[in-house]
Amino acid sequence: MVEDLLAARGIIVSRQTVRLWPEKLGRRFANDFRRKSKGRLGDKWYFDEVVISIGGKKHWLWWAVDQGGFVLDVLVQSRRNTKAAKRLMRRLLRRQGHAPRVMITDKPRSYGAAKRAIMPGVGHRSNKCLDNRAENSHQPKRRRERNLKGFKSTRHLQRFVSIHEPVANLFHIPCHDIQSDHYREPRTAALEMWNEIARLQTA
């Protein structure tokens, strides 16, 4: 569709060029968004994981969100064990620069073991019902998976989530803002940041 839209305006580009734009520009935008949001996200972290089949082999997509529904990080791993949970927690601490006040997970014991080793002073609530916020946040990835008829490789999946989640965070509006009369303010702020990072000039 992008190729056809540009062709209608006299700009001829190949489909391969259009395909490379999101990876080249999207990664730069995602890094900028991630840097600007560091330290501003919530202190309550929700963890979850979901199985994804790539080439007939099971892989696990681990991720964490805060209480506002903003995705903190996503990591593709081949195992669902304590080592994998530790890897995600270390990565989160490095990227966020601080530990959470409390973490909320479902029932796997790997979370508790990893927390005791990586974040021993952090509160931990393990309850399937409390973890709905994290479980619902993976739906956009599932839609993308269906559109692509599956991801080609773990590298393809990790590249997609690493770019998609920071950009999606920018335009994410927490539920309490959607239900109020002030949802236009965060939307306007998001567009202003997008224009700043993308170097766009508004009229």
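So here's what we get for this one:
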quantity	calculated
Residue pairs meeting the criteria (Cβ under 6 Å; at least 6 apart or on separate chains; first closer than 20 Å to residue 42 by Cα, in segment 73-89; second surrounded by 17 or more Cβ atoms within 10 Å (Cβ to Cβ) and charged (D, E, K, R))	74/165
Check on residue 14, in contact with a Phe, Trp or Tyr (Cβ under 9 Å, 6 or more places away or on another chain) and hydroxyl-bearing (Ser, Thr, Tyr)	no
Residue count, segment 151-183 (criterion: modelled with pLDDT of 75 or more and either more than 19 Å from residue 74 (Cα to Cα) or basic (Lys, Arg) (or both))	3
Per-region count, segment 48-87, residues under 19 Å from residue 160 (Cα atoms) and more than 13 Å from the chain's Cα centre (by Cα)	12
Residues being closer than 17 Å to residue 190 by Cα and not β-branched (Val, Ile, Thr) - total across segment 40-71	5
Strands (runs of 3 or more DSSP E) enclosed by segment 1-112 - at least 3 residues per element that are crowded, with 16+ Cβ neighbours inside 10 Å and aromatic (Phe, Trp, Tyr)	44-54, 57-66
Among residues of segment 28-48, those that are closer than 19 Å to residue 158 by Cα and free of Cβ contacts under 8 Å to residues at least 40 places away in the same chain, counted	2
Sole residue being of a type in the set (D, E, K, R) and either modelled with pLDDT of 85 or more or under 30 Å from residue 192 (Cβ atoms) (or both), chosen from 133, 146, 142	133
Pairs with Cβ under 7 Å, 6+ apart, first in segment 1-27 and under 23 Å from residue 159 (Cα atoms), second in a helix (DSSP H, G or I) and among the acidic types (Asp, Glu)	15/3; 18/3
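The values are calculated or read from the model by the stated rules, or taken from the named source; none is laboratory data. Bear in mind that the values here come from a model prediction, so they are computed numbers and not experimental data. All Cβ positions, glycine included, derive from the backbone under ideal geometry; neighbour counts span all protein chains shown.
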